[in-house]
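The values are calculated or read from the model by the stated rules, or taken from the named source; none is laboratory data. Keep in mind the model is a prediction, meaning the values are calculated, not measured. Using ideal geometry, Cβ is built from the backbone for each residue, glycine included, and neighbour counts are taken over all protein chains shown. The protein model used for the area step is the full one, side chains on, heavy atoms only, and it has no ligands, DNA or RNA in it. Shrake-Rupley method; radii C 1.70, N 1.55, O 1.52, S 1.80 Å.
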Amino acid sequence: MSSAKEIVEQYKAAVGRKDFVAARKLLHDDLAFQGPIETLNKADEYVSSITKRANIIQRTEVKKVFADGNDVCVLYDMVTNTPAGTAFIVEWYQVRGDKIGSLRAVFDARPFAAMFGH
């Protein structure tokens, strides 16, 4: 069985490759996602959302990963190809078993709000 940190790293790598099928396999069906733009309670809804927004992301630059048992925190810069530029993001993952059960993203969403109709 992989550690929580390894599971999150596998998930982040899959999303970085835009391999959303592989990323989805690492999420519980009842994934709870909370972010500044939306809150979702199903993994399929979450994957649909990140798939739609993937075209604006040029790359992510991980700054630090903290792990404490089943909790993993990832701090990174998301570099976009939009006028919003680069956003510093903190993601808090909670892993249950061998999949991600919840994810909370924190960042300043104001530069992105108009792009997503908020």
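Structure notes:
- Inside region 34-48, residues that are out of contact with any Lys or Arg (no Cβ under 7 Å at 6 or more places or on another chain) and within 19 Å of A13 (Cβ to Cβ) make up a count of 1.
- Taken over region 54-92, the criterion of being on the phi > 0 side of the Ramachandran plot and at pLDDT 95 or above is satisfied by G69 alone.
- Of all residues in region 24-48 being free of Cβ contacts under 8 Å to residues at least 24 places away in the same chain and among the polar types (S, T, N, Q), the one that is farthest from R96 (Cα to Cα): S48
- Selection within region 1-33 - assigned to a helix (DSSP H, G or I) and either of a type in the set (K, R) or in contact with a Pro (Cβ under 8 Å, 6 or more places away or on another chain) (or both): K5, K12, R24
- Elements of type strands (runs of 3 or more DSSP E) in region 34-118, at least 3 residues being open to solvent by less than 40 Å² (accessible area, probe 1.4 Å): 71-80, 86-96, 99-106
- Residue check for V21: open to solvent by 50 Å² or more (accessible area, probe 1.4 Å) and free of Cβ contacts under 8 Å to residues at least 40 places away in the same chain: yes
- When residues in region 68-93 are screened for being free of Cβ contacts under 8 Å to residues at least 60 places away in the same chain and under 11 Å from A4 (Cβ atoms), 2 of them pass.
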